[in-house]
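See below for the structure under consideration.
The values are calculated or read from the model by the stated rules, or taken from the named source; none is laboratory data. Computed from a prediction, not measured in an experiment: that's the story for all the values here. In this analysis, Cβ positions are derived from the backbone assuming ideal geometry, glycine residues included, and neighbour counts consider all displayed protein chains. With ligands, DNA and RNA removed, areas are computed over all heavy atoms of the protein, side chains included. Shrake-Rupley method; radii C 1.70, N 1.55, O 1.52, S 1.80 Å.
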Amino acid sequence: MGASLSNLTENVSANGRPGLGDIPENCVACVFMYLNPPEICNLARLNRAFRGAASSDAVWESKLPSNYHHLLDLLPPQNYDGLSKKDIFAFLARSVPFDDGNKEVWLDRISGKICMSISSKAMLITNVEDRRHWNWFPTEESRFHVVAYCQQVWWFELNGTVNFPFPPGIYTVTFRVHLGKIFKRLGRRACNFEHTHGWDLGPVRYELSTSDGQHTVSECFIDDTGQDDPNGNIRRGSWIEYKVGEFIVSTSDPVTEVRFSMKQIDCTHSKGGLCVDSVSITPSDLKVHPRKGF
């Protein structure tokens, strides 16, 4: 059986029967149109015809979003001039920073759909300049290498905006937060919950709106007691994603403005001990188990 499979990858097998290598490259390319990028790269190892089809601009053009040139506009032309469509896909599958490096956009490696992350550095945070209430600290656990830490506030509010020509589709917006402050102890990850308080006394309000009139509001208590490890034990000190809502893009022109916020402005009690990393905007069919509001 192994010998027969091996023969299939040759142009002509030992007994004169045609193999996979006899399939015209343009026919292979047509088949590749229906496969995802990892599948194409795996099949490219079979033989020369498959390898040639896997490098076809027509194949990779079909994997790129219709407006991928908008992503290229964020980069200096010398970074992508002369690149094949396959190389452009690989280049855009890595993060492309913009807005002074406080926002990043990239292509999902399997679907080719656009994803985005927005650092807390790009958001308006009430009283962020007062170090008694907010601090910034570096961490390797953020793609932006820095997070905002709420030590203690009575008025908790973050607002953000992004303008981008998202391709048509349905997108989910989520906040990534963490109860407690992360630090290293003897080279091992640890969390300090000394200042964590007040989040169980009232829900956080999440709000999302777009330039074409879409609007959604949800509320959710911030807690990490629902996150269990594989053994069923409750664990603390994990990053949590809270879903703000979804919006629909019908066309990339005009550019969609997305506005989002996270608030807990009940001033009858203080709250604190919370890290805010970023906001993610991803195609809804790629999102995995964010916590939903009510």
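Details
- Local charge for residue 182 was computed over the other residues whose Cβ lies under 11 Å away, with Lys and Arg +1 and Asp and Glu -1, and equals +1.
- All Cα-Cα distances of the stretch 28-103, cut into 5 Å bins from zero to the largest, leave 3, 15, 26, 21, 14, 11, 7, 3, 1 percent in each bin in turn.
- Within the shell defined by Cβ-Cβ distances under 11 Å, the residues around residue 85 carry a net charge of -1, with Lys and Arg each +1 and Asp and Glu each -1.
- Accessible surface for the stretch 33-186, divided over its residues, is 49 Å² per residue with a 1.4 Å probe.
- Take 64-77, 185-198, 115-128 and order them by the average number of nearby Cβ atoms within 10 Å per residue, most first; the result is 115-128, 64-77, 185-198.
- Surface share of carbon and sulfur [accessible, 1.4 angstrom probe, percent] for the stretch 117-276: 49
- Based on alpha-carbon atoms, the Kirkwood radius and the radius of gyration of the chain give Rg/Rh equal to 1.09.
- Long-range HN-HN contacts of residue 146 with modeled amide H, under 5 Å: 139
- Scaling against 2.2 N^0.38 Å puts the C-alpha radius of gyration of the stretch 147-202 at 1.62.
- Per residue of the chain, the DSSP helices (runs of n ≥ 4 H) give a summed -39500 (n - 2.57) that works out to -4000 deg cm²/dmol at 222 nm.
- The chain - percent relative contact order, Cα under 8 Å, separation 6 or more: 19
- Of 134, 112, 237, farthest towards positive along the dipole that unit charges on Lys, Arg, Asp, Glu beta carbons give the chain: 237
- Once the convex hull of all Cα atoms in the stretch 65-190 is built, its volume per residue stands at 154 Å³.
- Among 205-218, 167-180, the peptide with the highest mean count of other Cβ atoms within 10 Å heads the list, and the full ranking is 167-180, 205-218.
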